[in-house]
Number of protein chains: 2
Amino acid sequence: MAEIPLAPIQRIIKKAGAERVGEDAVHALRDHVEKECLEAARMAVQLAAHAGRKTVRSSDVELAVQA
Amino acid sequence: MAEIPLAPIQRIIKKAGAERVGEDAVHALRDHVEKECLEAARMAVQLAAHAGRKTVRSSDVELAVQA
């Protein structure tokens, strides 16, 4: 089900200043980010349809993440 | 700077029901998700330190994404 790979999430936690990162933390953050991403994407799809388009554009995403 | 790859973000937008997805939309959503991820990771690092640990755990991430 998950699309976002774990390695970039681990690098982001390191970049945030972590000395050590538990594998469970990487999974937890990936799952959270994936869920937020899917919710924003669903809103963006609705906003594209609302504007009479079949193509999701960056303006849809920008409005979706504000909402 | 970006760590999260574009392909999984595009798949998530498709999974959200998009017929077509502009490349700009994929970039916009990846940038948003990456920013949110880094912010949550920074909070998780602080929460681990607050608990006297050097290792970031899932409990830090779970509290970070609530805050």
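Between A:A67 and B:K35, the distance separating the two model label sites (each 7 Å from Cα on the Cα→Cβ line) works out to 1.8 nm. Averaged over the residues of B:33-40, the number of partner chain Cβ atoms lying within 10 Å of the residue Cβ comes to 6.
Helical content alone sets the calculated 222 nm signal of the protein assembly as shown at -23000 deg cm²/dmol, taking -39,500 (n - 2.57) per DSSP H segment of four or more residues and averaging over every residue.
B:E3 sits with roughly 40 Å² accessible to a 1.4 Å probe, with DNA, RNA and ligands left out of the calculation.
For the residues of A:42-54, the average number of beta carbons from a partner chain within 10 Å of their own beta carbon is 3.
Remark: accessible area buried at the B-A interface is about 3400 Å², both chains counted, probe radius 1.4 Å.
Leaving out ligands, DNA and RNA, what percent of the accessible area of chain A is carbon and sulfur, probe 1.4 Å? Ligands and nucleic acids excluded, carbon and sulfur give 50 percent. In this simple spin-label model, placing a label point 7 Å from the Cα along the Cα-to-Cβ direction at both B:A7 and A:Q46 gives a separation of 3.1 nm. With all protein chains kept in place, the per residue accessible area of chain B amounts to 55 square angstrom at a probe of 1.4 angstrom. Per the Debye calculation on chain B with a single equal scatterer at every Cα and no solvent contribution, log₁₀ I(q)/I(0) for q = 0.13 Å⁻¹ amounts to -0.48.
The values are calculated or read from the model by the stated rules, or taken from the named source; none is laboratory data. Keep in mind that this is a model prediction, so the values were computed, not measured. Note: ideal-geometry Cβ built from the backbone for every residue, glycine included; neighbour counts use all protein chains shown. These area figures cover heavy atoms from the full protein model, side chains too; ligands, DNA and RNA do not enter into them. Shrake-Rupley method; radii C 1.70, N 1.55, O 1.52, S 1.80 Å.
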